[in-house]
Amino acid sequence: MSSNVTLNLKEHVSGPLGRIAVLASGSGTNLQALLDATACGTLEAEVVAVVSDRADAGALRRAAAVGVAAISLPLTDRHDPVVRQAYDCRLAEVLRAFEPDLIVLAGWMLILSPKFLDSFRGRIVNVHPALLPDGGGIEVLTSHGPLPALRGSRAVRDALKQRLPATGATVHYVTTAVDSGPVILREEVPVLPDDDEVRLHERIKSVEHRLLPRAVAMALATVFASNVEG
Ligand code: GRF
């Protein structure tokens, strides 16, 4: 899809605003990009709830500041499979109460269970701070040729560690294979000689903030189109 992709859902479907639920564990700058895009009308959608596994997440403060439901759902023991399963059930229950059309993982640090993913199939997207390939391979094609696809929570650090010339940002659908679902949008970010993890991550995030509202609009249009097709 071209970079001129419209964020105006009315061009795709007429009806109510798309309802977005955001899961975020951290500072919430990507959530803020969505809140800003919805507030200024460049993204015709509404953030209906923000859930965090961390009570002190900046994302919860950002949601509360604009009157969006901010729900803290701490996970007591991420290593106990029974606790973990119960957590995902509770999370699904909380989300369903808000009737979201789309769930956005914006800095969500927990891997979601297949059962959870299945109950929102095709309606969960994630923003990842590296370039991911179409079709889940181990390399991604860049302007420097093929480079390793960096998955997991250390993707920014790994780009520096592996001395890659470029990395990037990707928004993709979430599937059971971690950081491997179909790509919606991605953009390359050069790694500069004086980059450290913080500087590089900041530049990646500024790209994420631009990509995420566009990708969300595209994903919502797909959800609405599939609702119409029945
Ligand atoms: C982003 O870089 C995102 O790609 C990654 O976690 C970070 C979240 O940042 N999954 P923020 O909380 O949105 O500022």
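The values are calculated or read from the model by the stated rules, or taken from the named source; none is laboratory data. What you see is a predicted model, and the numbers here were worked out from it, not measured in a lab. A quick note on method: Cβ atoms are made from the backbone with ideal geometry, for glycine too, and the neighbour counts reach across all protein chains shown. Accessible surface areas use protein heavy atoms only, side chains included; no ligands, DNA or RNA. Shrake-Rupley method; radii C 1.70, N 1.55, O 1.52, S 1.80 Å.
Close contacts from region 47-75, counting a first residue that is free of Cβ contacts under 8 Å to residues at least 60 places away in the same chain and polar (S, T, N, Q) and a second that is open to solvent by less than 40 Å² (accessible area, probe 1.4 Å) and within 13 Å of the ligand (Cβ to nearest atom), with Cβ to Cβ under 8 Å and a gap of 6+ residues or different chains, come to 52/23; 52/24; 52/25; 52/59; 52/60; 72/52; 72/57; 72/60.
This table checks each residue for (1) modelled with pLDDT of 95 or more; (2) in contact with a strand residue (DSSP E or B) (Cβ under 9 Å, 6 or more places away or on another chain); (3) open to solvent by 70 Å² or more (accessible area, probe 1.4 Å).
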position: 180; (1), (2), (3): no, yes, no
position: 189; (1), (2), (3): yes, yes, no
position: 197; (1), (2), (3): yes, no, yes
position: 204; (1), (2), (3): yes, yes, no
position: 211; (1), (2), (3): yes, yes, no
position: 216; (1), (2), (3): yes, yes, no
position: 221; (1), (2), (3): yes, yes, no
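Being assigned to a strand (DSSP E or B), farther than 15 Å from residue 104 by Cβ and free of Cβ contacts under 8 Å to residues at least 40 places away in the same chain, is that true of even one residue in region 198-217? There is no residue in region 198-217 that is assigned to a strand (DSSP E or B), farther than 15 Å from residue 104 by Cβ and free of Cβ contacts under 8 Å to residues at least 40 places away in the same chain.
Residue-wise test of (1) within 12 Å of the ligand (Cβ to nearest atom); (2) in a loop (DSSP other than H, G, I, E, B); (3) within 18 Å of residue 215 (Cα to Cα).
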{"residue": "110", "(1), (2), (3)": "yes, yes, no"}
{"residue": "115", "(1), (2), (3)": "no, no, no"}
{"residue": "150", "(1), (2), (3)": "yes, yes, no"}
{"residue": "168", "(1), (2), (3)": "yes, no, yes"}
{"residue": "179", "(1), (2), (3)": "yes, yes, yes"}
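Selection of region 27-64 for residues being assigned to a loop (DSSP other than H, G, I, E, B), more than 27 Å from residue 222 (Cβ to Cβ), of a type outside the set (Lys, Arg) and within 11 Å of the ligand (Cβ to nearest atom) yields 27, 57. Of the residues making up region 84-104, those that are part of a loop (DSSP other than H, G, I, E, B) and surrounded by 13 or more Cβ atoms within 10 Å (Cβ to Cβ) number 3. Among the residues of region 118-147, those that are in contact with a helix residue (DSSP H, G or I) (Cβ under 8 Å, 6 or more places away or on another chain) and either part of a helix (DSSP H, G or I) or surrounded by fewer than 17 Cβ atoms within 10 Å (Cβ to Cβ) (or both) comprise 119, 122.
Determine which member of the set 99, 11 is modelled with pLDDT under 95 and out of contact with any helix residue (DSSP H, G or I) (no Cβ under 7 Å at 6 or more places or on another chain). Of the residues listed, the single one that is modelled with pLDDT under 95 and out of contact with any helix residue (DSSP H, G or I) (no Cβ under 7 Å at 6 or more places or on another chain) is 11. Checking 81, 114 one by one, the residue that is out of contact with any helix residue (DSSP H, G or I) (no Cβ under 7 Å at 6 or more places or on another chain), open to solvent by 60 Å² or more (accessible area, probe 1.4 Å) and at pLDDT below 95 is 81 and no other.
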